[in-house]
1. Here are some conditions: (1) open to solvent by less than 80 Å² (accessible area, probe 1.4 Å); (2) modelled with pLDDT of 85 or more; (3) not aromatic (Phe, Trp, Tyr). GLN91 meets all but one. Which one does it not meet?
2. Being open to solvent by 90 Å² or more (accessible area, probe 1.4 Å), in a helix (DSSP H, G or I) and at pLDDT 85 or above narrows it down to one residue among GLN56, GLN63; which is it?
3. Do we find that VAL73 is open to solvent by less than 100 Å² (accessible area, probe 1.4 Å) and not in a helix (DSSP H, G or I) in this structure?
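The values are calculated or read from the model by the stated rules, or taken from the named source; none is laboratory data. The structure presented is a predicted model; accordingly, all values stated were derived computationally and were not measured. Heavy atoms of the whole protein, side chains included, go into the accessibility calculation; ligands, DNA and RNA do not. Shrake-Rupley method; radii C 1.70, N 1.55, O 1.52, S 1.80 Å.
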Amino acid sequence: MGHRRNYSPDRAGRTAMRYNEAYIHGNTVRKAYAEPRRHEPEEVLEQPKKKEVSAQVRKNRKQALHMNTAYTVFLAVATIATLAVCVWYLQLRFEGTSHVANISAMEQKLADLKEENTTRENSILDSVNLEVVRERALGLGMVHVDSDQIVTYQNPAGDYVKQYEEIPKSGVLE
């Protein structure tokens, strides 16, 4: 059975160990037991000599490190193909970016043209005064329509009529 340590505070608030009466001062705890010092060996041991490898092992190692011509050509072709795909991808990305910029510029131009069109349409509508047109027409000799000049008619064919001849007094087109 191992030794049991009992810790109890003394009058000054420090902790005392009962069986060896060691005090712990401050806020750091010191090691209760010192570790033994490690001794380095005084003599440097000789390293074992490398084992001599056989000729077959050396030959296999040399062949493993050697790349044959077909493998070198394959690696070169694969590298060139990878490089070509990367260049092609970058070109596509650049074209996409330029198309997006072009579309953005065209959308801005369209918005400007629509705004200009709306402004011109509003200025034309503001410049046309129907009262001025009426006064000019009456000044040129035009007169208001009389009720006997109005002919109502029925068009059985549709809503659109091109008048090539007089509308009959009955108002029915055949």
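1. Going through the list (1) open to solvent by less than 80 Å² (accessible area, probe 1.4 Å); (2) modelled with pLDDT of 85 or more; (3) not aromatic (Phe, Trp, Tyr), GLN91 breaks only (1).
2. Working: GLN63 fails: at pLDDT 85 or above.
Testing whether each residue is open to solvent by 90 Å² or more (accessible area, probe 1.4 Å), in a helix (DSSP H, G or I) and at pLDDT 85 or above leaves just GLN56.
3. Details: open to solvent by less than 100 Å² (accessible area, probe 1.4 Å): yes; not in a helix (DSSP H, G or I): no.
So VAL73 fails the test.
Rundown of residues vs (1) assigned to a loop (DSSP other than H, G, I, E, B); (2) open to solvent by 80 Å² or more (accessible area, probe 1.4 Å), yes/no style:
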| position | (1), (2) |
| --- | --- |
| ALA84 | no, no |
| THR97 | no, yes |
| ALA111 | no, no |
| TYR160 | yes, yes |
